[in-house]
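The values are calculated or read from the model by the stated rules, or taken from the named source; none is laboratory data. For clarity, every value in this text was computed on a predicted model and none was experimentally measured. Cβ placement follows ideal geometry from the backbone for every residue including glycine, while neighbour counts extend to all protein chains displayed.
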Amino acid sequence: MLMPSEFENVIEEVLRGNKDSFRRIVQEYALYVRTYIATQVHHLDVVDDLAQDVFFIAFRKLHEFQRGNEPSAWLRGIARNKISEHFRTVSRRAKAMDRFREEVAMVCGEALEESMGWESSETIEVLLGCITRLPDRMRRVVRAGLDGHRPAELAAELNTSVGAVYSLHYRANQLLRQCVRRVLE
């Protein structure tokens, strides 16, 4: 890592217009920042994203760095704020998903059970057969939902957005209803 005076010299170079000098800060502190983040966030892709955000914020706030301060402490403070923001976001999304599931269960639960005749083992067998006929991505979405996986995790796994996962789930449910009705009629 850079000595505080070296760090300040790099900042001066960047502020004078030599933006490429910031690479030196990234090279010297990347492992430190990623390690700090990884002690609290256990998904490597999230660690990488947060580390990138830390350096982006540091670049934008170079003019706020106070001479004589420890550079690693300054970067760690930015990282700590990014980690807190990340956990708040994850928590909000999880709570929203829980509320959504509860609402869906309340609105649709009884009607779906009645219309689908869930008490019949034959219906369950038909449903399982219909699931196997779904396209791969839809089958994975249905399986993830049955296993209780979060949409954000599945979106990352499928390399798509959470909205696309909801859309796939909705379309899969429509196809499953149609398939079960067709087979049972």
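Going through the range 150-168 one residue at a time, which ones are within 13 Å of R93 (Cα to Cα) and either outside any helix (DSSP H, G or I) or of a type outside the set (G, A, S) (or both)?
Within the range 150-168, R150, P151, E153, V162 qualify.
When both residues are 6+ apart or on different chains and their Cβ atoms are under 8 Å apart, which pairs have a first residue that lies in the range 68-81 and is assigned by TED's automatic domain parsing to the domain that holds E12, and a second that is loosely packed, with under 13 Cβ neighbours inside 10 Å?
I78/K61
Of everything in the range 3-42 that's surrounded by fewer than 17 Cβ atoms within 10 Å (Cβ to Cβ) and assigned to a loop (DSSP other than H, G, I, E, B), which residue is farthest from the chain's Cα centre (by Cα)?
Filtering first and then ranking leaves R16.
Does the range 124-134 contain at least one residue that is basic (K, R), modelled with pLDDT under 85 and either assigned to a helix (DSSP H, G or I) or within 32 Å of the chain's Cα centre (by Cα) (or both)?
No; the residues of the range 124-134 include none that is basic (K, R), modelled with pLDDT under 85 and either assigned to a helix (DSSP H, G or I) or within 32 Å of the chain's Cα centre (by Cα) (or both).
Would it be correct to say that R143 is at pLDDT 75 or above, exposed (fewer than 15 other Cβ atoms within 10 Å of the Cβ) and not assigned by TED's automatic domain parsing to the domain that holds H43?
When the stated conditions are applied, R143 passes them.
For the range 1-51, which positions are closer than 18 Å to V90 by Cα and of a type outside the set (A, V, I, L, M)?
The answer is T39, Q40, H42, H43, D45, D48, D49.
Any idea which of (1) surrounded by 15 or more Cβ atoms within 10 Å (Cβ to Cβ); (2) charged (D, E, K, R); (3) under 26 Å from N159 (Cβ atoms) is the one D45 doesn't satisfy?
Condition (1) is where D45 drops out.
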